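Report on the structure given below.
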Amino acid sequence: MANENHGSPAEEASLMSHSPGTSNQNQPSSPKPMRLVQDLPDELVQAGWEKCWSKRENRPYYFNRFTNQSLWEMPVLGQHDVISDPLGLNAAPMPLEGGVIDTSVESKQRKRRFSEEVPASGNSVKKPKADVPGNAAAAQPVPSSPSVPGSSVLKAWCVSPEDKQQAALLRPTEVYWDLDIQTNAVIKQRAPSEVLSPHPEVELLRSQLILKLRQHYRELCQQREGIDPPRESFNRWMLERKVVDKGTDPLLPSDCEPVVSPSMFREIMNDIPIRLSRIKFREEAKRLLFKYAEAAKRLIESRSASPDSRKVVKWNVEDTFSWLRRDHSASKEDYMDRLEHLRKQCGPHVSAAAKDSVEGICSKIYYISLEYVKRIREKHLAILKENNISAEVEAPEVQDRLVYCYPVRLAIPSPPLPGVEMHMENNVACVRYKGEMVKVSRNYFSKLWLLYRYSCIDDSGFEKFLPRVWCLLRRYQMMFGVGLYEGTGLQGALPVHVFEALHKLFGVSFECFASPLNCYFKQYCSAFLDTDGYFGSRGPCLDFFPISGSFEANPPFCEELMDAMVSHFEKLLESSSEPLSFIVFIPEWRDPPTPALTRMEQSKFKRHQLVLPAFDHEYRSGSQHVCKKEEMYYKAVHNTAVLFLQNSAGFAKWEPTPERLQELVAAYKHSGRTLSSSSSSSSSSSSSSSSTADKERELSREQSSSRETNPN
């Protein structure tokens, strides 16, 4: 059986000396080969396989339109490419007798030994034209010259493109994903998006303006309210704004209604007159009570409040000062009770006095963002004009048919991209453009390379790979901030063992909220279709309309986004009669309860609900692409609610039975932190544990800052 790559199947039909296992890449194209009636399993068709007829050999063969691979015998799902996957790490699990899948360590070792015995192919792997339904309008001509995909990337790694054994350096050493799992998500065919493709020059300008906008926000909070901006509030503002934004920029809001963000307004008001933190000791409670009373008095005197408000606040503050001077034997609980009483008496009056000022901060930030979006758009259009590319395209006709979901395609061609530098520092890839450097670990750089190879259709030579990686990394860096551990909680992912259980037990093959950096499957929704589409993204979740499939949803913990997610899922479940299932993971916030959690608990589509206790389960870090191995996992600082939303057909196909639920909960018992620490020395373990503890404390502050803080 031939198991090598060769030229296009059109050359087979030309009756030249060509059969599977040989290469005629330089031969001219000829009419399409004769296709037989496709009697292949859906999994093979989805993976790009089709059955063709060899006129020279007078017998059928199998051709993969994604990889240009041809076989005389029917392909086996899960076979891997020995060039891109020399160790077989991403190959499907080996079946045992009876068709049972063996995912044990021994199975992975057998698979590795088998892959090492397979000889390397003598032909180069051509980048697929990705003849996926719905992509023809967006596909660009692919150069016919043979080349190793990513040869420029290999050179950046100091690897010769001709040396395919050294090309194995692109393989990761630690794998936190499974890119071999095919999707069961079915959608209606859709037209390419008219969003402009990413460009390093535009992304550089956008990042500079976002940093300026963050600085404006900090200065406004300090100058007008005398407080630092609530931690992560700017990040949650961007998430909340994108739920309602109809503007053109993928990151900054520019067309929102209302102008005043409920998220930003709520979080600033929670910190007025001062931010209340959790108290452990008596002296801290006494000091916090004094500071609150002093800040409330100062605010009510400096604002245009009604006489009654001034009178109530001043009387309660003076009464508190008098009590503090008089009672020196009060306990911590006495101080906290007094603080709660003061908040109830003064809080409404203080909030009314600060309301106009806080709304002014929110609207000011929005209008600055609007001006920045105009500047970014002008820059982008100027680059397109320089390269004679029109930003206006005619919408292509889209057939009304159902297809397996495929990555987002862009209708407007990408202009030539400038050069981007890359070098390695201690297994970290440093990608630099005009002095601005972003970093990603060697493992995750390899992951991006694989995702790009599977998903991109307009860059067969990988010439645009590094510029697009820089744009992607810069975008997410700006989205979640550059501070220590900042944004980590907003990008947290489920542990690998949980994803494995979800796929095995409930057929999950798709993530509704992910990114190229933290995804487990190669099919997922993400925030940015322009940068992420080249790496497999299906676009934002709220713009994705599946007809059937099994999905995992672990949204960023933004209340407005979670609420919009519930509305979206219920509409999809209501409108489809095909099997449709969403397994949702959100924080179990009860004080007060989030609208999203309340609505899902009352939904007619709710089939079951689990609660995972705080500090008894883990998440994968949102900074997993750059963090240390021992920081890959962290304990959840809140309960997590797991809700199964399914229509009738989805419930019949993926019912959350007690046995399945028990196995899912058992998957959480596999601690990623334990596995990581076992490979470290005792000295490094002690330092890493303190680092992880610091991180968990930061995450605890992150989550509490988005809710109204209860100092008790």
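The values are calculated or read from the model by the stated rules, or taken from the named source; none is laboratory data. Predicted model only: the values in this text are computed from it and were never measured. Neighbour counts are summed over all protein chains in view; Cβ atoms, including those assigned to glycine, are modelled from backbone coordinates with ideal geometry. Please note that ligands, DNA and RNA were not included when accessible areas were found on the heavy atoms of the full protein model with its side chains. Shrake-Rupley method; radii C 1.70, N 1.55, O 1.52, S 1.80 Å.
Answer with yes or no whether Tyr406 is within 17 Å of the chain's Cα centre (by Cα), farther than 27 Å from Ser369 by Cα, in a loop (DSSP other than H, G, I, E, B) and touching a residue at least 12 places away in the same chain (Cβ under 8 Å). First the steps, then the outcome.
On the way: within 17 Å of the chain's Cα centre (by Cα): yes; farther than 27 Å from Ser369 by Cα: yes; in a loop (DSSP other than H, G, I, E, B): yes; touching a residue at least 12 places away in the same chain (Cβ under 8 Å): yes.
When the stated conditions are applied, Tyr406 passes them.
Counting only residues that are assigned to a helix (DSSP H, G or I) and in contact with a strand residue (DSSP E or B) (Cβ under 8 Å, 6 or more places away or on another chain), how many does the range 549-564 have?
Going through the range 549-564, the residues assigned to a helix (DSSP H, G or I) turn out to be 559-564.
Filter once more, so that each one left must be in contact with a strand residue (DSSP E or B) (Cβ under 8 Å, 6 or more places away or on another chain): 562.
Matching residues across the range 549-564 total 1.
Return the pair list, or none, for Cβ contacts closer than 8 Å from residues in the range 43-64 that are in the same structural domain as Ile187 (by the TED database) and at negative phi to residues that are open to solvent by less than 40 Å² (accessible area, probe 1.4 Å) and of a type in the set (A, V, I, L, M, F, W, C), at least 6 apart or on different chains.
Hits for this filter: zero, empty list.
From the list Ser309, Ser351, Ser322, Ser369, which one is farther than 21 Å from Cys221 by Cβ, in the same structural domain as Ser261 (by the TED database) and either touching a Pro at 6+ places or on another chain (Cβ under 7 Å) or open to solvent by 20 Å² or more (accessible area, probe 1.4 Å) (or both)?
Details: Ser309 fails: either touching a Pro at 6+ places or on another chain (Cβ under 7 Å) or open to solvent by 20 Å² or more (accessible area, probe 1.4 Å) (or both); Ser351 fails: farther than 21 Å from Cys221 by Cβ; Ser369 fails: farther than 21 Å from Cys221 by Cβ.
On inspection, the qualifying residue turns out to be Ser322.
Output the strands (runs of 3 or more DSSP E) that fall wholly within the range 588-662 and possess 1 or more residues being surrounded by fewer than 19 Cβ atoms within 10 Å (Cβ to Cβ) and out of contact with any helix residue (DSSP H, G or I) (no Cβ under 9 Å at 6 or more places or on another chain), or say none. Don't jump to the end; show me each part of the working.
Working: elements: 606-612, 618-620, 633-635, 640-646.
Of the strands (runs of 3 or more DSSP E) lying wholly inside the range 588-662, those with at least 1 residues that are surrounded by fewer than 19 Cβ atoms within 10 Å (Cβ to Cβ) and out of contact with any helix residue (DSSP H, G or I) (no Cβ under 9 Å at 6 or more places or on another chain) span 606-612.
Of everything in the range 503-520, what is among the aliphatic types (A, V, I, L, M) and under 16 Å from Val642 (Cβ atoms)? Give them in sequence order. Outline the logic, then answer.
Residues of the range 503-520 among the aliphatic types (A, V, I, L, M): 505, 508, 514, 517.
Leu505, Val508 - these are the residues of the range 503-520 that are among the aliphatic types (A, V, I, L, M) and under 16 Å from Val642 (Cβ atoms).
Pull up the range 280-328, narrow it to residues that are among the hydrophobic types (A, V, I, L, M, F, W, C) and in a loop (DSSP other than H, G, I, E, B), then point me to the one that is nearest to the chain's Cα centre (by Cα).
Taking the range 280-328 as the starting set, the residues that turn out to be among the hydrophobic types (A, V, I, L, M, F, W, C) are 281, 285, 288-290, 293, 295-296, 299-300, 305, 312-313, 315, 317, 321, 323-324.
The next check asks that each one be in a loop (DSSP other than H, G, I, E, B); those that pass are 281, 305.
Working: Phe281: 40, Ala305: 45 Å.
It comes out as Phe281.
Of all residues in the range 277-299, which are open to solvent by less than 10 Å² (accessible area, probe 1.4 Å) and in contact with a Ser or Thr (Cβ under 8 Å, 6 or more places away or on another chain)?
Across the range 277-299, the qualifying residues are Leu289, Ala293.
Could you go through the range 343-365 and let me know if any residue there is closer than 15 Å to Thr248 by Cβ and touching a residue at least 12 places away in the same chain (Cβ under 8 Å). Spell out how you get there, then give the answer.
To start, the set of residues in the range 343-365 that are closer than 15 Å to Thr248 by Cβ comprises none.
No, because not a single residue in the range 343-365 is closer than 15 Å to Thr248 by Cβ and touching a residue at least 12 places away in the same chain (Cβ under 8 Å).
Out of all the residues in the range 50-66, which are out of contact with any Leu (no Cβ under 9 Å at 6 or more places or on another chain), of a type in the set (S, T, N, Q) and crowded, with 17+ Cβ neighbours inside 10 Å? Show your work before the answer.
Let us first name the residues in the range 50-66 that are out of contact with any Leu (no Cβ under 9 Å at 6 or more places or on another chain), namely 54, 57-59, 65-66.
In the following step, the residues that additionally are of a type in the set (S, T, N, Q) were identified as 54, 58.
The answer is Ser54, and nothing else.
Within the range 357-364, is there a residue that is surrounded by 15 or more Cβ atoms within 10 Å (Cβ to Cβ), β-branched (Val, Ile, Thr) and not assigned by the TED database to the domain that holds Ile210?
No, the range 357-364 contains no residue that is surrounded by 15 or more Cβ atoms within 10 Å (Cβ to Cβ), β-branched (Val, Ile, Thr) and not assigned by the TED database to the domain that holds Ile210.
Can you report the number of residues in the range 150-201 which are of a type outside the set (Ser, Thr, Tyr), assigned to a helix (DSSP H, G or I) and either open to solvent by 20 Å² or more (accessible area, probe 1.4 Å) or at pLDDT below 95 (or both)?
Taking the range 150-201 and keeping what is of a type outside the set (Ser, Thr, Tyr), we get 150, 153-159, 161-172, 174-175, 177-182, 184-192, 194-196, 198-201.
With assigned to a helix (DSSP H, G or I) added as a condition, the list becomes 153-156, 166-170, 200-201.
Subsequent filtering for residues that are either open to solvent by 20 Å² or more (accessible area, probe 1.4 Å) or at pLDDT below 95 (or both) retains 153-156, 166-170, 201.
The number of residues fulfilling the criteria is 10.
For every residue, the table says whether it meets (1) closer than 24 Å to Lys635 by Cα; (2) modelled with pLDDT under 95; (3) aliphatic (A, V, I, L, M); (4) not assigned by the TED database to the domain that holds Tyr634.
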residue: Leu484; (1), (2), (3), (4): yes, yes, yes, no
residue: Thr488; (1), (2), (3), (4): yes, yes, no, no
residue: Gln491; (1), (2), (3), (4): yes, yes, no, no
residue: Phe506; (1), (2), (3), (4): no, no, no, no
residue: Ser509; (1), (2), (3), (4): no, no, no, no
residue: Cys512; (1), (2), (3), (4): yes, no, no, no
residue: Phe521; (1), (2), (3), (4): yes, no, no, no
residue: Tyr524; (1), (2), (3), (4): no, no, no, no
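Please identify the pairs in which a residue from the range 588-603 that is in contact (Cβ under 8 Å) with a residue 24 or more places away in the chain has its Cβ atom under 6 Å from the Cβ atom of a residue that is open to solvent by 30 Å² or more (accessible area, probe 1.4 Å) and part of a helix (DSSP H, G or I), counting only partners at least 6 apart or on another chain.
Once the first residue is in contact (Cβ under 8 Å) with a residue 24 or more places away in the chain and sits in the range 588-603, its partners that are open to solvent by 30 Å² or more (accessible area, probe 1.4 Å) and part of a helix (DSSP H, G or I) give Thr594/Glu559; Pro595/Asp563; Ala596/Asp563.
State whether the residues of the range 532-548 include one that is open to solvent by less than 10 Å² (accessible area, probe 1.4 Å), assigned to a strand (DSSP E or B) and over 26 Å from Cys456 (Cα atoms).
No: zero hits.
Filter the range 565-587 for residues that are in a strand (DSSP E or B) and either touching a residue at least 60 places away in the same chain (Cβ under 8 Å) or open to solvent by 10 Å² or more (accessible area, probe 1.4 Å) (or both) and give the result.
Of everything in the range 565-587, those that are in a strand (DSSP E or B) and either touching a residue at least 60 places away in the same chain (Cβ under 8 Å) or open to solvent by 10 Å² or more (accessible area, probe 1.4 Å) (or both) turn out to be Leu580, Ser581, Phe582, Ile583, Val584, Phe585, Pro587.
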